[in-house]
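To keep things clear, I will list the structure first and then write my remarks on it.
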Amino acid sequence: MLKIRFKDNKYNAVWLVEPKITIGRSATNALVIDDPLVSDVHMEVLVDNEHLTLRNLVPTHAVIVNGQKITGACELKPGDNISIGAVELVVIDPKREARLSAEAPVASVQAVLTKTTGWSLKANHTALANRVFPLKDVTTIGRSNECDISLPAAHLSRRHAQLQVIDGMLFVKDLDSANGTFLNGKRVAEARVKRGDELRFDALSFGVMGPADDMAKTTVRKAVPLEPTNSPAASTARKPSPAARPAVATRASSVSRSAAAAPAKPVAEEANKGKFGLILLAVLAIVVITTLILTRK
């Protein structure tokens with residue numbers, strides 16, 4: 001089974017199912033194109049297995065297929081380019097695209113991956129089959145095929161919202177859309193978006209995938225080592241302040257004087273006792289000598 005999609009936008013393809021699909025501005029079409037030059041139901045693609053026929057339903061506004069103006073009908077095949085208004089479409093064979101993707105060089109895949117920011121949107125809507133949309137530094141979302149993520153939903157604005165990565169953080173900005181941009185159920189004009197949040201553009205809901213929030217991490221303060229006891233800082237800390245030194249010296253001097261004055265009184269008393277003893281001995285000596293003299297007479 002074949003598909004038709006906006007050119008250069010591989011995520012928004014419509015299956016070409018029997019018996020036919022219609023293309024135009026009306027939301028009832030299988031593929032909705034928001035362009036003033038496109039009628040409500042501008043053309044249809046008749047499907048018979050993998051045989052396709054394009055019919056222009058508005059002959060006054062030609063449809064261009066591979067550079068040729070089509071006012072009636074023509075056959076379509078995979079790889080054909082269709083221009084209508086300012087919009088370009090392409091018919092694709094999903095099996096062939098899958099085979100080409102599998103054969104792509106590894107270097108090309110790595111080159112694509114290096115352009116991503118680590119942020120992406122995962123579609124929650126069943127119509128988008130849980131597709132994942134990697135985000136660039138600046139990514140626009142809307143119905144226009146000029147947007148980085150073009151979604152053919154009738155209620156999206158042509159340029160609905162913008163996602164921007166600044167210093168690793170993701171921000172969303174509503175581009176004055178008619179039906180609004182919602183972050184976790186709340187309508188926003190501009191807001192920061194975190195991993196795990198839900199972004200909704202009108203009815204299309206997406207889960208946000210990206211790096212962890214650095215602001216939620218716990219930081220560990222580095223311990224300050226203690227100064228060694230023999231370090232200059234420790235020695236300085238042990239020294240008394242200049243204001244304290246005179247008080248210490250005064251107290252020490254008073255203690256020294258007290259200690260020196262304490263033995264002064266006992267020494268004087270001992271000296272007086274020594275003098276009294278000498279006088280007593282002298283008196284006794286005189287008495288003895290006088291007694292001896294008198295005895296001899």
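None of the figures in this text is laboratory data; all of them are computed from the coordinates on show. A quick note: this is a predicted structure, and the numbers were derived from the prediction, not measured. Cβ sites come from the backbone with ideal geometry, for glycine too, and all protein chains shown count toward neighbours.
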By the C-alpha gyration tensor axes a ≥ b ≥ c (rounded if a/c is under 1.5, else prolate when a/b exceeds b/c, else oblate), the shape of the stretch 40-85 is oblate
Between the modelled labels at D148 and E18 (7 Å from Cα along Cα→Cβ) the distance in nm is 4.2 nm
Amide H proximity to L170 below 5 Å, modelled H, separation 5+ or other chain, gives V193
For 12-23, 50-61, 281-292, ranked highest to lowest by mean beta-carbon neighbours within 10 Å, the order is 12-23, 50-61, 281-292
If amide H atoms are modeled at 1.01 Å from N in the peptide plane, then the residues at a separation of 5 or more from L57, or on another chain, having amide H under 5 Å from its own are M43, E44
